[in-house]
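Here the structure is laid out as structure tokens; the discussion comes afterwards.
The values are calculated or read from the model by the stated rules, or taken from the named source; none is laboratory data. Note that the structure is predicted; figures quoted are calculated from it, not measured. Glycine gets a Cβ as well: all are built from the backbone with ideal geometry, and neighbour counts include every protein chain shown. We work out accessible area using only protein heavy atoms, side chains counted, and drop any ligands, DNA or RNA first. Shrake-Rupley method; radii C 1.70, N 1.55, O 1.52, S 1.80 Å.
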Amino acid sequence: MDFKQNRDFLEFHSLPLEVITAIIDRAGQLAKHWADRTMPQSLQGKRVGIIVDDSGWRNTAAFDLGVKAMGGVSVQPPINFNVRETTADLAGYLDNWFDLLVVRTKELATLRELASAMDAPVINARTNSNHPCETLGDLAYIKSVRGSLEGLKVVGIAPDANIFRSWVEASKLMPIQVVQVYPEPWHVTDPNLLNPRFETSRDVRHILEADVIITDSWTKQADERELAAYQLTSEFLDKGKRDMVFLPCPPVARGQEVTADAMSHPTCQSRPAKAFLLHAQNALMEWAVS
């Protein structure tokens with residue numbers, strides 16, 4: 001993958017389509033290397049800083065493991081942004097030591113400020129606004145089981161929050177249709193995200209036509225009685241397409257956004273899909289330092 005341009009990955013649609021496509025294809029190759037324990041040493045001699053300035057563990061643990069599996073060195077500096085040092089000052093010090101930064105922090109604006117001041121590439125490992133690596137990993141998994149992403153219909157039973165926002169970001173770039181099915185107060189209305197391949201609805205019957213269903217935690221601002229109609233059940237999944245892929249976003253609250261039987265439904269592929277988080281992030285890091 002020899003593309004010469006900005007190597008930051010802050011929002012899903014911040015990279016050209018051909019770059020994202022190449023990263024997704026490379027993730028499939030790296031999945032095979034991982035299974036065969038033949039990982040290429042493509043990060044040999046590279047020093048990667050992994051900054052966890054927020055909660056959560058899955059994708060930062062996968063980043064750390066991926067760096068080491070591909071021959072690189074990873075360090076987790078205990079940095080908190082917007083406390084004592086300016087982000088620009090931190091960028092200068094970090095550039096002294098690292099070839100790549102992976103950052104999980106609350107504010108996307110902080111990442112933008114950091115990336116603008118850094119020479120080394122910056123990868124967004126999650127903010128309160130978006131979670132592009134999660135969507136990248138899910139798409140890499142879907143490509144591996146379906147063979148193509150062309151014309152994919154993704155239905156998100158989820159509020160306007162970081163997980164679903166990254167799917168809307170993806171719809172700005174990818175040849176996929178994304179539909180949000182949720183009560184109207186929690187629809188995505190950000191004009192920077194709205195595009196012809198994204199729509200909002202309150203009609204749960206979109207599930208019947210979905211190729212992929214995404215769920216996320218219930219928003220705390222809503223009345224649970226209002227959200228009960230949007231709970232995903234095994235009965236709903238039975239009515240969907242036979243090859244539909246159900247990807248609940250962890251951590252999952254059984255009895256809220258999903259029922260327990262939905263989590264054991266044959267279409268629920270959360271565990272193998274999250275394995276691809278590692279492979280997609282490995283492909284992303286390869287590209288970022290190449």
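Taking 0.36 nm per residue of separation and subtracting the Cα-Cα distance, what length does fully extending Asp95 through Glu224 add?
41.8 nm
Taking the chain as the reference, fit the longest principal axis to its C-alpha atoms, fit the long axis of helix 132-146 to the helix C-alpha atoms, and give the angle between the two in degrees, 0 to 90, nearest 10.
Taking Cα atoms only, the helix is inclined about 60 degrees.
Angle, helix 17-36 long axis vs. longest principal axis of the chain, Cα atoms, 0 to 90°, nearest 10?
90 degrees
Once the piece of chain linking Leu17 and Arg271 is laid out straight, how much longer is it, given 0.36 nm per residue of separation minus the C-alpha distance between them?
Additional length available on full extension: 88.8 nm.
Averaging over all projection directions, find the projected area of the Cα convex hull of the chain and quote it in nm² with one decimal place.
So the mean shadow area of the Cα hull is 14.7 nm².
At 7 Å along Cα-to-Cβ for each site, give me the label-to-label distance between Leu65 and Asn195 in nm.
Between Leu65 and Asn195, the simple spin-label model gives 3.1 nm.
If you stretched the chain out fully between Lys32 and Asn80, how much longer would it get, using 0.36 nm times the residue separation minus the C-alpha to C-alpha distance?
13.6 nm
Pick from Glu226, Glu150, Glu113: which is most flexible by mean-square fluctuation in a GNM of the chain where alpha carbon atoms under 10 Å apart are linked?
Most flexible of the set in this elastic network: Glu226.
I need the fraction of alpha carbon pairs in the stretch 161-240 separated by more than 18 Å, rounded to a whole percent.
Percent of Cα pairs beyond 18 Å in the stretch 161-240: 42.
Between Val181, Ile163, Ala283, whose Cα lies farthest towards the positive end of the dipole of the stretch 142-290 when Lys and Arg beta carbons carry +1 and Asp and Glu beta carbons carry -1, centred on the Cα centre?
Positive-end residue among those listed: Ala283.
When only Cα pairs under 8 Å and 6 or more residues apart are kept, what is the percent relative contact order across the chain?
So the answer I get is 21 percent.
So if I restrict to the alpha-carbon atoms in the stretch 1-160, what is the Rg, and what is Dmax, the biggest pairwise distance, in Å?
Here Rg and the maximum Cα pair distance are 16.2, 48 Å.
Within the chain, which is the longest segment that contains none of the chymotrypsin sites (Phe, Trp or Tyr not before Pro) sitting in a DSSP loop with at most 15 other Cβ atoms within 10 Å?
In the chain, the maximal stretch lacking such sites is 98-290.
With the dipole of the chain worked out from charges on the C-beta (+1 for Lys and Arg, -1 for Asp and Glu) around the Cα centre, which of Gly56, Gly92, Pro272 lies farthest toward the positive end?
Pro272
Using a probe of 1.4 angstrom, how much of the accessible area of the chain is carbon and sulfur, in percent?
48 percent
Given a 1.4 angstrom probe, what's the average accessible area per residue across the stretch 168-290, in square angstrom? Provide the component values of the computation, followed by the final result.
Working: 5590 Å² over 123 residues.
The answer is 45 Å² per residue.
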